[in-house]
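Encoded as structure tokens, the structure appears first; notes follow it.
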Amino acid sequence: MEERLVAPCGMNCAICSGYMALTHDVKSKGIRIPYCKGCRPRGKECAFLKKHCKLLMEGKVKLCYECPSYPCTRLKGLDKRYRSLFRMSMIENLNFIQKEGITSFLRKEEAKWKCVKCSSVISCHNGICFDCGLSLLAEKKQKYRWEE
Ligand SMILES: [Zn+2]
């Protein structure tokens, strides 16, 4: 996992279905998930907050914890959705990065999202590994939900 894939909000794009769909070319396997290069590589600094955040828009903040209003209402809303549906917390990620550094964070993420079958990466959006679980993903109706 790479630092450039950690978005300002604390999202790790490496475990996002949109990023994994692109890197695994799921379209060629008949799976329809919108592709995304990752928030930073897209040059959109932030897909969720940017239009509403002047500091992000002007590139004055690299990670949201650098902001005087951290955590802002919008980030808290996003965080709440991800905690309840997608088994992660942007705010928890950012606090960890601030305290322990990006290298420890990436190491922890690699362990947390490791596929038990093939050691590749599972998506935070549905728990599916895009290396060994693509047939599961193809059959799955709600692609942005975990099974249990
Ligand atoms: Zn796997």
Worksheet item: Does segment 68-116 hold any residues that are among the aromatic types (F, W, Y) and touching a Phe, Trp or Tyr at 6+ places or on another chain (Cβ under 9 Å), and which are they?
Response: F86, F96, F105
Worksheet item: Can you pull out the residues in segment 13-30 that are in contact with a Leu (Cβ under 6 Å, 6 or more places away or on another chain) and touching a residue at least 40 places away in the same chain (Cβ under 8 Å)?
Response: A14, K29
Fill in: Subset tally (residues that are under 19 Å from F130 (Cβ atoms), among the charged types (D, E, K, R) and assigned to a helix (DSSP H, G or I)) for segment 72-116
3
Worksheet, complete the sentence: Log entry, pairs with first residue in segment 120-134 being in contact (Cβ under 8 Å) with a residue 40 or more places away in the chain, second being among the basic types (K, R) and away from the ligand (no atom under 11 Å from the Cβ), beta carbons closer than 7 Å, six or more apart or on different chains, reads C124/R87; N126/K140; N126/K143; N126/R145; L134/K29
Fill in: Residue identified as at pLDDT 95 or above, at positive phi and exposed (fewer than 14 other Cβ atoms within 10 Å of the Cβ) among S104, S119, S84
S119
Worksheet item: Residues in segment 76-106 that are of a type in the set (G, A, S) and within 20 Å of E2 (Cβ to Cβ): how many?
Response: 2
Response to the item:
Those residues of segment 115-127 that are within 9 Å of the ligand (Cβ to nearest atom), under 21 Å from E3 (Cα atoms) and not polar (S, T, N, Q) come to a total of 3
Worksheet item: Of the residues K54, K99, K60, K114, which single one is under 21 Å from E148 (Cβ atoms) and without any contact (Cβ under 8 Å) to a residue 12 or more places away in the chain?
Response: K114
Worksheet item: Say we look at segment 135-148 and pick out the residues that are within 15 Å of the ligand (Cβ to nearest atom) and touching a residue at least 60 places away in the same chain (Cβ under 8 Å); which of these is farthest from G18 (Cα to Cα)?
Response: A138
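Right, L78: in contact (Cβ under 8 Å) with a residue 12 or more places away in the chain and touching a helix residue (DSSP H, G or I) at 6+ places or on another chain (Cβ under 9 Å) or not?
yes
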Response to the item:
Scanning segment 96-114 residue by residue, those away from the ligand (no atom under 16 Å from the Cβ) and either in contact with a Ser or Thr (Cβ under 9 Å, 6 or more places away or on another chain) or β-branched (V, I, T) (or both) turn out to be F96, I97, I102, T103
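The values are calculated or read from the model by the stated rules, or taken from the named source; none is laboratory data. If you're wondering where the values come from, they're calculated on a predicted model, not measured in any experiment. Counting neighbours? That spans all protein chains shown, and the Cβs are built from the backbone with ideal geometry, glycine included.
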